[in-house]
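Student: Just dropping this structure here.
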Amino acid sequence: MVDVPTLVGQARQGRPRAVARLISLVEGGSPQLREVMAALAPLAGHAYVVGLTGSPGVGKSTSTSALVAAYRKAGKRVGVLAVDPSSPFSGGALLGDRVRMSDHASDPGVYIRSMATRGHLGGLARSAPQAVRVLDAAGCDVVLVETVGVGQSEVEIASQADTSVVMLAPGMGDGIQAAKAGILEIGDVYVVNKADRDGADATARELNHMLGLGESRGPDDWRPPIVKTVAARGEGVDELVGALEKHRAWMEEHGVLAARRTARAAREVETIAVTALRERIADLHGDRRLEALAERIVAGRLDPYGAADELVAGVTAGAR
């Protein structure tokens, strides 16, 4: 058993091993997870969570590393959660973004963690919200969440971050994607990275056109900016940080930040509750109650929806 209060205290002091241990407890679904979350609850809620998403090859890791450098220059503590594809053999992170952010490995003000999706769709790991809370409670001022990069349907980050950054690069087919629904509708800030390549201006124009086709905005509504960067050389990174800070200020002024965080907490509670219910129902396989409901369906005395209602009612009653 882990001494959770001591571990949390060490994480607050910025000890990397303690932060790593807490996130491992989260990822592994430890029996002490409830105790961990209860200890972290009063300490979290201060970090600015920025999500970065986009197709593979647009430079998400390089941009994340450049943002880390910019925020560290401003004196902020930074946490990075880099979600990677899962190995089909070990279930672990396949690519390991920490390798691509090695410039910050020795900086005590930076904590970088790779997480495997473990089959979870949407570009994030299932335990990502709890891992973000660990980094938040550990004293990070900014938490950067880099998604796995699976393409147009990777939209879950919009519900998990305060600000969502959608990244594109010229010459990768993103011009066609700009006309489609999906990932390009979730951005609070858009980035055209590798802007030294041919076609960068055209990509930015197409994005601007797409935003113009969106629903009408009032004078006080946020209009997502388009920032051109060459992250590998640090060009445009200050402008990107400026765009992020402007969006944060706008959200705070209009009450959007609090609303987003409340909605995020509600989704997290719902996910935990549904997962717990699913696990209890899974335990009924081979149970006589489930078999009896199935027999009534086959006999035409009950429909599947009615059976599901009875099953859920029985499971929830048994949990009280």
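Student: How far apart, in nm, are the 7 Å Cα→Cβ label points at residue 282 and residue 41?
Tutor: Calculated label separation equals 2.5 nm.
Student: Between residue 263 and residue 295, how high is the FRET efficiency from 1/(1 + (r/R0)^6) when r is the Cβ-Cβ distance and R₀ = 56 Å? Nearest 0.05. All intermediate terms of the calculation are to be shown ahead of the outcome.
Tutor: Working: r = 42 Å, r/R0 = 0.75.
After rounding, the FRET efficiency stands at 0.85.
Student: Now for a different question. For the pair residue 24/residue 213, report the inter-label distance in nm, with labels modelled 7 Å from Cα in the Cβ direction.
Tutor: So the label points at residue 24 and residue 213 sit 5.0 nm apart.
Student: If the limit is 20 Å between Cα atoms, which of 76/228; 60/228; 73/194 go over it?
Tutor: Beyond 20 Å: 76/228; 73/194.
Student: Please compute the modelled spin-label separation between residue 303 and residue 106, points set 7 Å along Cα→Cβ, answer in nm with one decimal.
Tutor: Here the modelled spin labels are 6.8 nm apart.
Student: Per residue, how many Å² of accessible area does segment 210-320 show with a 1.4 Å probe? Spell out each step's value before the answer.
Tutor: Values: 7380 Å² over 111 residues.
Per-residue value: 66 Å².
The values are calculated or read from the model by the stated rules, or taken from the named source; none is laboratory data. Since the model is a prediction, treat every value here as computed from it, not as a measurement. Glycine gets a Cβ as well: all are built from the backbone with ideal geometry, and neighbour counts include every protein chain shown. Quick note on the areas: whole protein, heavy atoms, side chains included, nothing else; ligands and nucleic acids left out. Shrake-Rupley method; radii C 1.70, N 1.55, O 1.52, S 1.80 Å.
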